[in-house]
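Below is one structure; the comments refer to it alone.
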Amino acid sequence: ALREFITVPRIATPISANDEVNGAALPVEQVTLAVQNASDLWQLAERIKTLKNQGYEEVSAYVPPLGPDRFAREPRLVEWARRVLEARHAGADVVYVPQPWQGRATLQGTVVEPVEEYLLFRTIAALLGDARPGPVISVAEQVRCLTFRGASHAVIAMWDDAPPPGGRTVAMQLGTAGRQVDLWGRSTPLRRDASGRHLVTISATPVLIEQVEPWAIDFATSVSMEPAVIESGTELVRQEIVLDCAAAASMSGNGVLDPPPGIEVSPRAFSFTACAGEPVRIPVQVRYPHNEPAGEKKFVARITRVDPAYYFEILMTVEVRMSDIEVSGRATIERGDLLLRH
């Protein structure tokens, strides 16, 4: 069945995802951005949004395979799958890849065989389908968690950017989700911990979780602390835990706020009742040490929702910084070396 597609004419010339495109420069209705390097993904979502605002009806992404001469087999497949998932999540209408099959000469003639990227692409396409990009869930340090929203359920793509040997297991609440699928299409049932959260085994290789309840994603991404930026040297700060979920029904629950080491919170325990579609703001007093180092501070909200009784541990970030200090950086190549000036 693949024989007639063994040679495909080039129908478009992709432009680099980092190239600036003037809205009037290309007299076309569609643009395809090439993802040749990992750096092409850094601002891809903003680039796609800008191009659509300029009038392009369709903005797609082109993800070529990585060269086997530069990468070992597993890192090559892992990085390529990440780029496909990131391009899809960035809002590309279509993600194109070169034909994932090849011809091999035999005594009986040419045999058309799929390459390994075909299996990965087939798994991703089968599970994501027409699902649209959703929010990014903050799970743990170095864990990338992308969500995709379908008609009735959601799909999550997860991996660890800096996995320990053997990978690790993270706990998160996914509602009625029952299995995780690896890139080759093999499924594994999801276990639960004592609090009812799903235990997801992750590594550098992305895994896909299907049949995730959308409300669980909405709730996990709706909790934050405001203000999210604190001036360094301000010891006592009045902040608020904000539950901004636009729920279709009322909800209630209780929780405990765990601050980072050295930071005090009062009160730590809280409860809430929210009407449909209305945010909830819970005031707390946070005491930062006068010599607290600048940087991101990770708070954890341990929340139990009532009806249904689901338990969440939600990571929230507050940045401590000095507004009167400006930081900038510059990168140059000098005599073959990459020089970073800060």
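Looking at Ser266, Ser271, which one is hydroxyl-bearing (Ser, Thr, Tyr), farther than 26 Å from Ala194 by Cα and out of contact with any Asp or Glu (no Cβ under 9 Å at 6 or more places or on another chain)? Just one listed residue meets the conditions, Ser266. A single entry from Ala177, Ala220 fulfils the requirement of being under 19 Å from Leu146 (Cβ atoms), touching a His at 6+ places or on another chain (Cβ under 7 Å) and crowded, with 19+ Cβ neighbours inside 10 Å: Ala177.
Among the candidates Gln142, Gln102, the residue that is open to solvent by 30 Å² or more (accessible area, probe 1.4 Å) and at positive phi is uniquely Gln142.
Residue under question is Glu46, and the condition is that it be closer than 27 Å to Arg149 by Cβ, surrounded by 13 or more Cβ atoms within 10 Å (Cβ to Cβ), modelled with pLDDT of 90 or more and acidic (Asp, Glu); does it hold? It is false that Glu46 is closer than 27 Å to Arg149 by Cβ, surrounded by 13 or more Cβ atoms within 10 Å (Cβ to Cβ), modelled with pLDDT of 90 or more and acidic (Asp, Glu).
The set of residues from region 81-99 being more than 16 Å from Leu146 (Cβ to Cβ) and open to solvent by less than 60 Å² (accessible area, probe 1.4 Å) comprises Asp93, Val94, Val97, Pro98. Would you pick out the residues in region 181-205 that are touching a Leu at 6+ places or on another chain (Cβ under 6 Å), in a strand (DSSP E or B) and either touching a residue at least 12 places away in the same chain (Cβ under 8 Å) or open to solvent by less than 30 Å² (accessible area, probe 1.4 Å) (or both)? Residues satisfying the conditions are Val181, His198.
The values are calculated or read from the model by the stated rules, or taken from the named source; none is laboratory data. The structure displayed is predicted, hence computed values, not measured ones. Backbone-built Cβ (ideal geometry, glycine too); neighbour counts: all protein chains shown. Just so you know, the surface numbers come from the protein's heavy atoms only, side chains and all, with ligands and any DNA or RNA stripped out. Shrake-Rupley method; radii C 1.70, N 1.55, O 1.52, S 1.80 Å.
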